[in-house]
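Working notes, beginning with the structure itself.
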């Protein structure tokens, strides 16, 4: 007896392949949109912090973190640096990645009177930015970026984060995949991660806190390697 054998026709196979192609295209496009949104979020961090600084200066004639009359300006909840000649000198002293002398994931960085640490409390109490105003709880106080890294600010000078970088204020953001860092540099600067107002360096840790380290060029790091991006203003 002859048996009829059935199978997929070429048209049916072609339709299945088209559907698979559309699904894969949709997944890739969706991932591209997610990545684009993260880069925009990261860029917004760099754009907002100068607004906070200039807003605070305009309102109180002082720098956040460096405000010698923070209690008078912001109320009794404000912390201010005392007993040092650096307060009120127009410089946000302290490394960008300070933890205020407290342990974060087993690492203690900086000191409680780092102006770069009190910076966040001052701008929040002044109403210029969201977040906790309690510097004794670094896990809820230190701001984080769209990829879970930390954000910080400092002045050029003794706490310069990248060798040779210039700028009155320098904002840094960590744990950023290098592929996002290159997009950030193209969006905010000249597209060269080793020079300009936006520069990229190796991922920071306790070992190099407060130490200027060299930049990395566009082609020297794997796209998924986490790096630190800094921008000078």
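The values are calculated or read from the model by the stated rules, or taken from the named source; none is laboratory data. Computed from a predicted structure; not experimentally measured. So basically every Cβ, Gly included, is an ideal-geometry build from the backbone, and we count neighbours across all protein chains shown.
Numbers below:
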quantity: Matching residues, the stretch 103-127, being at pLDDT below 85 and buried (at least 20 other Cβ atoms within 10 Å of the Cβ); calculated: 109, 110
quantity: Residues satisfying the stated conditions in the stretch 141-176, i.e. free of Cβ contacts under 8 Å to residues at least 60 places away in the same chain and in a strand (DSSP E or B); calculated: 144, 150, 152, 175
quantity: Those residues of the stretch 115-140 which are without any contact (Cβ under 8 Å) to a residue 40 or more places away in the chain and part of a loop (DSSP other than H, G, I, E, B), in sequence order; calculated: 127, 130, 131, 132, 134, 136, 137
quantity: Residue within the stretch 150-172 that is surrounded by fewer than 18 Cβ atoms within 10 Å (Cβ to Cβ) and within 15 Å of the chain's Cα centre (by Cα) present; calculated: no
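Listed here are the residues, each with its yes/no results for (1) under 30 Å from residue 176 (Cβ atoms); (2) in contact with a strand residue (DSSP E or B) (Cβ under 8 Å, 6 or more places away or on another chain).
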position: 44; (1), (2): yes, no
position: 54; (1), (2): yes, no
position: 62; (1), (2): no, no
position: 84; (1), (2): no, no
position: 101; (1), (2): yes, yes
position: 104; (1), (2): yes, no
position: 121; (1), (2): yes, no
